[in-house]
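Okay, structure first, notes after.
None of the figures in this text is laboratory data; all of them are computed from the coordinates on show. In this text, all values refer to a predicted model and were calculated from it rather than measured experimentally. With ideal geometry, Cβ positions are generated from the backbone for all residues, glycine too; neighbour counts draw on all protein chains shown.
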Amino acid sequence: MSAPQELEKTAMTFVADAVEFEKQGETQKAIALYKKAIDRLNKLVERYPDHGFSKIYRDRADLYQQRITALQAASAKAEAEAKAAPAPQEVAAPKPEPQVDYMPILMEINRKLDDLTASVAQLKDDVVNLKVNFNDAAAKTELTQKEATEIRNLLYSIKYDR
């Protein structure tokens with residue numbers, strides 16, 4: 001691997017590590033690694049000014065410097081807010097929840113379930129009675145139809161003298 005490639009690889013490794021530290025909230029370590037990456041990129045530009053990527057290396061170094069500035073500003077703001085924040089107060093003990101006696105509620109539910117069970121049993125009995133009454137009515141209707149047919153036949157036979 002050539003020297004420019006080695007310097008570029010080292011710089012990119014520092015940047016990748018800086019991003020990881022930044023994600024973990026370790027701002028100072030990230031800033032130090034960004035500075036090392038900028039140093040490597042500046043060495044690349046100084047040693048190889050005619051290299052095709054010199055402008056890109058300068059642009060990246062500028063971007064990393066801007067990121068350092070942003071991290072420092074955010075860190076300073078967080079420190080200022082921490083100093084300005086009042087000391088944490090003692091947390092009041094949570095109020096005890098009122099005790100609920102569930103026994104009357106459960107007894108009421110059981111009573112209503114018993115009433116529902118009795119109602120369902122009564123409905124079953126009513127359905128059985130309706131079936132019996134319906135079957136009786138249907139049978140009477142058939143008997144009445146047979147009787148009416150016999151009477152009609154008798155009338156025809158009388159009328160036509162058969």
Residues within segment 33-79 that are closer than 12 Å to ALA11 by Cα and charged (D, E, K, R), tallied: 6
Within the group ALA80, ALA73, ALA61, which residue is aliphatic (A, V, I, L, M) and within 30 Å of GLN5 (Cβ to Cβ)? ALA61
